[in-house]
């Protein structure tokens, strides 16, 4: 799967998540709304659903016209705008919950991809795969159509928000030796450490 290319044209994203483009652009919020409108998303609202491909096209426009740092900032705003599972109380739970939140905020053929009542997750949009490497080191493998820098922003925001109280440093490192969607690969891998 390529960066900026929906896996299935029927995938949709909820409105509160779509609004993260505008909210993540800070003082350039109006420009974010204009970019969304340029890509067929007019006046997005929480509770409504929008084609994922239109949202990905907006990311592509931002990448080309403004830059990848803005994608990173938008990613950092996702935890404030998207739905996340309740009862997250550790950095490990927070990073593992990214995949669940990803599925909670997307649907396919009108059907939610995560059911919080049953805990059942549906396939069809890729994943954020969490792997514990050691006591204070994890890997997040991003196998989805979103931009590399956007995912880095989400991971950094979640890691910093839920870092342990005695933690002084959280480090997020892109493992570009493995692969990178910016280079045409299908995945990006991030190593998160803390101490």
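The values are calculated or read from the model by the stated rules, or taken from the named source; none is laboratory data. Just so it is clear, the structure is predicted and the values come from calculations on it, not from any experiment. All Cβ positions, glycine included, derive from the backbone under ideal geometry; neighbour counts span all protein chains shown.
Of the residues that make up region 161-182, is at least one at negative phi, out of contact with any strand residue (DSSP E or B) (no Cβ under 9 Å at 6 or more places or on another chain) and in contact (Cβ under 8 Å) with a residue 40 or more places away in the chain? Yes, some residue in region 161-182 is at negative phi, out of contact with any strand residue (DSSP E or B) (no Cβ under 9 Å at 6 or more places or on another chain) and in contact (Cβ under 8 Å) with a residue 40 or more places away in the chain. Taking the criterion of being assigned to a strand (DSSP E or B), touching a residue at least 24 places away in the same chain (Cβ under 8 Å) and more than 21 Å from residue 86 (Cβ to Cβ), the residues of region 128-137 that qualify are 129, 132, 133, 137. Checking 97, 101 one by one, the residue that is out of contact with any helix residue (DSSP H, G or I) (no Cβ under 7 Å at 6 or more places or on another chain), surrounded by 15 or more Cβ atoms within 10 Å (Cβ to Cβ) and closer than 18 Å to residue 18 by Cα is 101 and no other. Got a number for residues in region 162-195 being in contact with a helix residue (DSSP H, G or I) (Cβ under 6 Å, 6 or more places away or on another chain) and under 24 Å from residue 85 (Cβ atoms)? Adding up the residues that qualify gives 7.
Of the residues that sit in region 17-47 and are part of a helix (DSSP H, G or I) and in contact with a strand residue (DSSP E or B) (Cβ under 9 Å, 6 or more places away or on another chain), which one is nearest to residue 101 (Cα to Cα)?
Within region 17-47, the subset part of a helix (DSSP H, G or I) is 17-18, 20-24, 26-38.
Those left that are additionally in contact with a strand residue (DSSP E or B) (Cβ under 9 Å, 6 or more places away or on another chain): 17-18, 36.
On the way: 17: 10, 18: 14, 36: 22 Å.
Restricting to residues being part of a helix (DSSP H, G or I) and in contact with a strand residue (DSSP E or B) (Cβ under 9 Å, 6 or more places away or on another chain), the top hit is 17.
Within region 46-59, which residues are at pLDDT 95 or above and either under 11 Å from residue 13 (Cα atoms) or in contact with a helix residue (DSSP H, G or I) (Cβ under 7 Å, 6 or more places away or on another chain) (or both)? Scanning region 46-59 gives 48, 49, 50, 51, 52, 53, 54, 55, 56, 58, 59. Of the listed requirements (1) under 21 Å from residue 56 (Cα atoms); (2) without any contact (Cβ under 8 Å) to a residue 24 or more places away in the chain; (3) in contact with a strand residue (DSSP E or B) (Cβ under 8 Å, 6 or more places away or on another chain), residue 152 misses just one: (2).
Being surrounded by fewer than 18 Cβ atoms within 10 Å (Cβ to Cβ), assigned to a strand (DSSP E or B), in contact (Cβ under 8 Å) with a residue 40 or more places away in the chain and touching a strand residue (DSSP E or B) at 6+ places or on another chain (Cβ under 7 Å) is true for just one of 140, 191. Which residue is that?
Answer to the check: 191.
If you filter region 5-27 down to residues that are surrounded by fewer than 18 Cβ atoms within 10 Å (Cβ to Cβ) and touching a helix residue (DSSP H, G or I) at 6+ places or on another chain (Cβ under 8 Å), you find that the one that is farthest from residue 126 (Cα to Cα) is 26.
Condition check ((1) free of Cβ contacts under 8 Å to residues at least 12 places away in the same chain; (2) part of a loop (DSSP other than H, G, I, E, B); (3) over 15 Å from residue 32 (Cβ atoms); (4) touching a helix residue (DSSP H, G or I) at 6+ places or on another chain (Cβ under 8 Å)) across all residues:
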residue	(1), (2), (3), (4)
62	no, no, no, yes
76	no, no, no, yes
83	no, yes, yes, yes
92	no, no, yes, no
117	yes, yes, yes, no
123	yes, yes, yes, no
